[in-house]
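Accompanying notes for the structure given below.
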Amino acid sequence: MSESPRALMAEKAAKLDAADELASTREQFVLDDVVYLDGNSLGALPAHVPDRVADVVRRQWGELRIRSWDESGWWTAPERIGDRIAPLVGAAPGQIVVGDSTSVNVFKALVAAVRIAGEGRDEIVVDATTFPTDGYIAESAARMTGCTLRPVDPARVREALGERTAAVLLNHVDYRTGRLHDLPALTAAVRAAGAVSVWDLCHSAGALPVGLDEHGVDLAVGCTYKYLNGGPGSPAYLYVRRALQDVFDSPLPGWNSHAEPFGMRGAYEPAAGALRGRVGTPDILSMLALEAALDVWDGVPVEAVRAKSLALTDFFLECVAAYVPQGGVESLTPAAHEERGSQVALRCADAGEVMRRLIERGVVGDFRAPDVLRFGFTPLYVGFADTERAARVLADTLSR
Ligand SMILES: *Cc1c(COP(=O)(O)O)cnc(C)c1O
């Protein structure tokens, strides 16, 4: 009996779902009947977060008011939540502080990196394919520090490094193509050149192991509203390797990172440790929504997330190859696992219109100009049947 490709793939999806160790984490999220493949842009809502946020608003703010800075742990939230993110990115405690946006943290990290690199080093190397904000801020940071900006393709970073390189800002995963860059090797090369590495983890944290401590990364930043499901505009984080904390000289020294914040001194004296990365009063409502959202990671090894992510993206590519006629789409995402993040980017004609129709039919990805369909796979709540359905709807949409 010959079966259709669709029946075969559906059967395969059912088997993969049945064997999925992470299948039960999906119940912790609020998801209706859509296939949500946009968690690389805004993660879904964990179901327990609204009640926790309501408690923060009604009780902590409404009843305890000013006492909550102390009694509800508001003041220490940036470091405490940093320590919850730490194991997800391979960092020991005391090196991550949560606050501000990724854009602002890129600025802090990059200027601090140039200051650490010291005299005679006056070039900033930046990933030429970077997310725009990183490029804009690198350009401004270069101007402010008297450096020359050198945008280079990540594949050519090694050739660009030299005695004059101060800092190197790279993305762990390319936001457009989903390409995973070789963080261990590139970090080692930057170190060997005597420069300071700054990694943007927006598209890797929560999707794959990062190994910040293990690989000797100097500084790193990332957002929390993508794979970490912190909510729209939830605060970002800044990692400062322990060995660099004493020489981390923030370009935004606010009262929150003062050694004695309530001393109200005229002269700035930085606090010890990661909290040097703090600036002003933290955004408590967003920050505590994030803290609640991080509960879904309890007992979830990031290695299991990575294994499922690769299985999902493999399976999606397999279904797309089986369903979409040759030439209908072109994958920009590398086939090799060691070069793939947790998304699949497909190029096709009329991509904006194709994505609009996909969303209408309950398959939510996003469109990046001029011609890219992005599908983010969040292993905590995307399954294999979802993945098969997404490929099926895509093939139907393209054939219309
Ligand atoms: C999402 C993303 C950002 C977002 O920066 P915000 O300051 O949060 O707007 C920055 N860099 C990269 C690589 C991203 O993917």
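The values are calculated or read from the model by the stated rules, or taken from the named source; none is laboratory data. Computed from a predicted structure; not experimentally measured. Every residue, glycine as well, gets a Cβ built from its backbone with ideal geometry; the counts of neighbours run over all protein chains shown. The protein model used for the area step is the full one, side chains on, heavy atoms only, and it has no ligands, DNA or RNA in it. Shrake-Rupley method; radii C 1.70, N 1.55, O 1.52, S 1.80 Å.
Around ASP295, under 13 Å between beta carbons, what's the net of Lys plus Arg minus Asp minus Glu among the other residues? Taking every Cβ under 13 Å from that of ASP295, the sum is -1. Rounded to the nearest 10 degrees, the angle from helix 5-18 to the longest Cα principal axis of the chain is 50 degrees.
Its DSSP H runs of at least 4 residues, each contributing -39,500 (n - 2.57), put the calculated 222 nm mean residue ellipticity of the chain at -10500 deg cm²/dmol, to the nearest 500. In the context of the full set of protein chains, the chain has a per residue accessible area of 42 Å² (1.4 Å probe).
Taking a straight line from the alpha carbon of LYS308, these lysines sit under 18 Å away, with near neighbours fewer than eight places off in the same chain left out: LYS12, LYS15, LYS226.
Report the trypsin sites (Lys or Arg not before Pro) located in region 248-309 that are in a DSSP loop and have at most 13 other Cβ atoms inside 10 Å of their Cβ, or state none.
Values: sites: ARG265, ARG276, ARG278, ARG306, LYS308; in loops: ARG265, ARG278.
Hits after loop and neighbour filter: ARG265.
What net charge is computed for the residues neighbouring ASP38, neighbours being all others with C-beta under 10 Å from the C-beta of ASP38, Lys and Arg scored +1, Asp and Glu -1?
Values: positive: LYS226, ARG374; negative: ASP366.
With Lys, Arg at +1 and Asp, Glu at -1, the neighbours total +1.
Measuring only protein heavy atoms, the 1.4 Å probe finds SER24 accessible over about 70 Å². Heavy-atom surface analysis with a 1.4 Å probe gives region 306-352 a carbon and sulfur content of 52 percent of its accessible area.
Computed over protein heavy atoms with a 1.4 Å probe, the carbon and sulfur contribution to the accessible area of region 51-297 reaches 53%. Among beta bridges from DSSP that stay inside region 100-193, the antiparallel ones total about 10%. When each of the peptides 267-275, 387-395, 82-90, 360-368 is scored by how many other beta carbons lie within 10 Å of its residues on average, the order from highest to lowest is 387-395, 82-90, 360-368, 267-275. Can you give me the angle between helix 302-323 and the longest principal axis of the chain, using Cα atoms only, in degrees from 0 to 90, rounded to the nearest 10? On a 0 to 90 degree scale, this one is about 40. Relative to the dominant Cα principal axis of the chain, helix 284-293 is inclined by about 50°.
Counting Lys +1, Arg +1, Asp -1, Glu -1, what net charge surrounds ALA112 among other residues with beta carbon under 10 Å of its beta carbon? Mind dumping the intermediate values first?
Details: positive: LYS108, ARG115, ARG276; negative: ASP218, ASP249.
Once positives and negatives cancel, what remains is +1.
Take the Cα of LEU244, step 7 Å toward its Cβ, do the same at GLU27, and the gap between the two points is 4.3 nm. A Gaussian network model of the chain, with springs between Cα atoms under 10 Å, assigns the largest mean-square fluctuation among VAL30, VAL196, VAL49 to VAL30.
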